[in-house]
Each structure stands twice: as C-alpha cells, then as structure tokens.
1. Say each of Arg67 and Thr190 gets a label point 7 Å from the Cα, pointing the same way as Cα to Cβ; how far apart are those two points in nm?
2. Taking a threshold of 26 Å on the Cα-Cα distance, which of the pairs Lys2/Lys123; Lys50/Lys205; Lys186/Lys216 fall above it?
3. Report the semi-axes of the equivalent ellipsoid for the stretch 2-147 in whole Å, largest first, where each axis is √(5λ) for an eigenvalue λ of the Cα gyration tensor.
4. Return, for the Cα atoms of the stretch 316-387, the radius of gyration and Dmax in Å, separated by a comma.
5. How much length is gained if the chain between Phe250 and Glu364 is pulled fully straight, taking 0.36 nm per residue apart and subtracting their Cα-Cα distance, in nm to one decimal?
6. For the stretch 294-324, run through the chymotrypsin sites (Phe, Trp or Tyr not before Pro) and keep only the ones in DSSP coil with at most 16 other Cβ atoms within 10 Å of their Cβ.
7. Taking loop as defined by DSSP and a crowding limit of 10 other beta carbons within 10 Å, which GluC sites (Glu not before Pro) in the stretch 294-334 fit?
8. Between the DSSP loop rule and a limit of at most 12 other Cβ atoms within 10 Å, which trypsin sites (Lys or Arg not before Pro) in the stretch 161-190 are left?
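The numbers here are math on the coordinates, done by the rules we state, and not lab data. For clarity, every value in this text was computed on a predicted model and none was experimentally measured. Cβ coordinates were reconstructed from backbone atoms using ideal geometry, including for glycine residues, and neighbour counts include every protein chain displayed.
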Amino acid sequence: MKHIVILGATGSIGTNTLDIINRFPDRFQVLGLTAKSSDDKLEKIIRCVKPAVVALSDPKAAAALKRRIASLNVEVLSGEEGVKQVACLPEAELVISAIVGAAGLLPTLSAIKSGKTVALANKEPMVMAGEIIQREAKKRAVPILPIDSEHSAIFQVLNGERHGDIKRIVLTASGGPLLKLSKAMKQKVTKKEALAHPNWKMGPKISIDSATLMNKGLEIIEAKWLFDLPPGKIDVLIHPQSIIHSMVEFIDRSVIAQMGLPDMRVPISYVLNYPERTALPLPSLDLAALGTLSFEAPDFERFPLLTVAYEVLKEGLTLPSVLNAANEVAVSAFLEERICFGDIERVVRQTVDAHLPQKAETIEDVMAADAWARTEGAQVVQQIGSC
Ligand code: NAD
Ligand code: MG
C-alpha cells in the first residue's frame with residue numbers, strides 16, 4: 001500500500017490523480033489532501049477517499065469545511081501552514097505536487113525537506129527556484145518524478161541512458177488554440193477562445209499559458225532543472241496533435257520519442273506506480289486512424305514569450321522568478337477581463353525588462369523577487385488599462 005498526499009486535489013491534475021487512485025484501492029491510500037477553498041466537489045472527494053487530514057489555504061473556507069464534515073473522522077487544517085503540514089505528513093511516501101502557480105513552492109519544498117518523493121505537476125516552483133529545489137532534493141536523495149507530459153516523456157526515454165550521451169531534448173508543443181492567429185488578431189481574443197485548448201482539458205491558468213506559449217517557456221526552464229541541461233540543449237517543436245509528448249536526440253543521432261494519446265492519467269499513473277507500470281483501461285494509440293502527425297518550428301515573433309523565457313533561462317538569477325510572477329499577474333488580469341489577451345505579453349516583457357537581476361541563492365531571495373514582480377506587474381496592468 002502506497003500512502004499518498006495530494007496538494008491541489010480539486011484541480012485538473014488532482015482529479016486525474018484521484019481517478020487513477022480510485023481504480024486501485026488495494027494499492028494506494030490517500031492520507032492527506034489540500035485545496036484552496038471548499039466546495040461540493042471537495043466534500044465529495046473527502047467522503048469518497050476518507051483522508052486522515054485535509055488542509056485549505058483559505059482559513060475561512062477551512063472553518064466552514066470543519067463544520068460541514070464534523071461527523072467524519074477527518075482533521076481539518078487551515079492556512080499556508082496547514083498546507084505545509086499536510087505536505088510533510090510522517091506516514092506519507094509520495095506527494096503529488098499539483099497546486100497551481102507560486103503558491104505551491106513552499107509546500108513542495110517542505111515535502112522535499114521532510115524526505116518525501118515528490119511527483120511534480122506544479123512547474124512554477126521549479127521555474128522560480130529550480131536550483132534550490134534540486135539542491136535540497138539531492139541533499140536527502142529525494143526523487144522528483146515529473147508529471148508534466150513532456151517531462152514525463154523525457155524521463156521515460158532517459159531511463160537507463162547516460163546523461164553524457166544526450167545531444168539535446170525536444171519539447172513538443174501543441175501550439176494551443178491560437179496557433180494560426182496573427183499578432184493583430186490575437187490582441188482581442190476572448191477568454192472563451194483562449195481557454196479552448198484543442199487537445200487537453202486543464203485548469204484555467206495553464207490553458208492561458210498554452211495559448212501564449214508561456215507554458216512551453218516555463219517548461220524549458222523546468223526541463224533545465226529536472227534534467228540538468230543547458231539552454232542550448234533544450235529545443236521546442238510545434239506538434240499540433242499532441243501525440244509525441246517529447247523526444248531525446250542522443251550523440252549518435254538516434255532520436256527516441258515517447259508517444260500516446262493526450263491523457264494526463266498516463267503520466268500520473270507512471271509516477272504513482274514508478275518504477276513499475278500498471279495496465280490502464282484506456283484506448284490504444286491508433287496511428288493508422290490518425291493518419292498524419294505534423295511538425296513545425298515555433299514562430300518566436302508571434303509567440304514572443306518563448307523568446308523571453310529563453311533569455312531568462314540564459315541569464316538566470318532572479319529573472320525566472322520575476323518571469324513567473326509577472327505571468328501569473330498578467331494571466332489573472334486577463335481572466336478577470338482587466339487586460340486584453342495580447343497585453344499578457346506586454347506585462348511580462350515590461351516587468352522582466354524593468355528588473356535588476358539579483359542572486360537567487362535562498363528561498364528568501366526568490367520570494368523577494370516574486371513579490372517585487374507582482375507589484376511591478378500590477379502597475380504595468382494598471383498603466384495598460386482596461387481592454
Ligand atoms: P487547477 O487550477 O485545475 O487546480 C489547482 C489546484 O490548486 C486546486 O486544487 C486549487 O484549489 C489549488 N490552489 C489554487 N491556488 C492555491 C493556493 N493559493 N494555495 C493552495 N492551493 C491552491 O490547476 P491544474 O490545471 O490542475 O494545474 C496544476 C499544476 O499542474 C499547474 O502548475 C500546471 O501548470 C501543472 N500541469 C497541469 C496539467 C493539466 O493537465 N492540468 C498538465 C501539466 C502540468
Ligand atoms: Mg506540459
């Protein structure tokens with residue numbers, strides 16, 4: 001029996017994780033879970049998996065939940081401290097890190113510091129503090145298993161390979177729902193259009209990141225830290241069908257790709273069962289029925305956030321943290337209809353350009369840069385004005 005904690009249990013990754021776990025009740029037990037706030041969905045999850053502990057980062061929601069599930073034998077914790085406590089539950093062996101955004105940084109780091117194996121979907125902490133996270137993980141020999149489909153693909157391909165034999169990795173990108181739109185047309189894209197990802201059903205933040213290609217920008221930084229590779233060995237390839245989830249080219253020019261239908265339950269099942277695999281009742285990949293897989297180079301002019309991400313990756317220091325925070329501010333502003341879709345790029349670019357990079361050796365350095373970027377980004381949003 002593997003004892004699991006799910007950080008961000010009510011989200012898209014959390015739900016897919018529970019789907020797999022509920023299929024194998026003899027193999028997995030959910031000890032603890034967290035969410036931001038309480039709703040019917042959370043209560044249903046609690047009644048179904050019966051965790052020992054639940055933490056809600058919103059203290060008011062935690063108090064309300066406590067009353068609602070008073071008859072159950074479930075401890076309810078609250079606030080950021082409560083979430084961190086669940087991340088470190090002594091009996092937990094595997095922590096699924098699936099909070100969205102920078103809010104996942106401290107709980108994920110706490111899990112690592114308490115020696116838990118971490119299955120990482122929440123890429124933003126790796127972007128902000130990859131060096132610190134890897135330092136802490138190595139110190140305690142804590143494995144970090146990727147859930148992000150591209151990184152799962154590379155992780156699977158690298159199984160048994162020598163690091164020195166990697167020529168480069170190629171992260172595939174569907175290109176999102178706005179792949180063919182001109183820059184001018186993109187300015188006025190609606191929330192509904194930007195959220196309509198062609199291949200994946202995901203939370204709102206990552207869906208917008210996929211439409212701007214910021215998601216791929218965050219993923220190249222995530223890949224640097226997960227696989228210890230320089231920016232020159234991390235390439236991006238547009239592949240609209242999302243069948244090849246990524247590939248590795250080796251020094252002998254052999255290229256190995258990992259493929260499958262786009263379904264996050266596959267990489268999630270992989271980390272839950274790692275190093276084994278388990279049979280899943282999902283449809284087979286039928287390449288004959290699909291007929292064609294297509295590829296193209298990314299258009300850095302139409303998707304400038306990819307350029308910003310490479311620049312930031314090369315310069316390092318506090319810049320990745322600033323990039324991430326500025327993007328979170330811009331995406332929230334767009335989702336709240338305070339700026340146009342095309343303005344997301346402007347907020348990120350202007351905030352990154354205004355930053356004087358500092359050393360990012362401690363978590364305090366990273367958090368200070370994050371806070372600075374949120375203030376600066378909010379000012380840029382205000383200057384831009386409503387859409
Ligand atoms: P989501 O918005 O669907 O869910 C987010 C979860 O985090 C929810 O449970 C929510 O309650 C919780 N949360 C939100 N803000 C919080 C806060 N301030 N404090 C504590 N908890 C908070 O997001 P998602 O699509 O499941 O994505 C989660 C992470 O996984 C993201 O970092 C995303 O980039 C990554 N990811 C997602 C997918 C996918 O298919 N959805 C694929 C690859 C990677
Ligand atoms: Mg991905």
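1. Label at Arg67, label at Thr190, 3.8 nm between them.
2. Lys50/Lys205
3. Square roots of five times the eigenvalues give 24, 16, 13 Å.
4. Reported Rg and Dmax, both Å: 11.9, 38.
5. Taking Phe250 through Glu364 to full extension adds about 37.2 nm, to one decimal.
6. Sparse-neighbourhood loop chymotrypsin sites (Phe, Trp or Tyr not before Pro): Phe295, Phe300.
7. In loop regions of the stretch 294-334 (DSSP not H, G, I, E or B), the sparsely surrounded GluC sites (Glu not before Pro) are Glu301.
8. Passing both the DSSP loop test and the Cβ count: Arg162, Lys180, Lys188.
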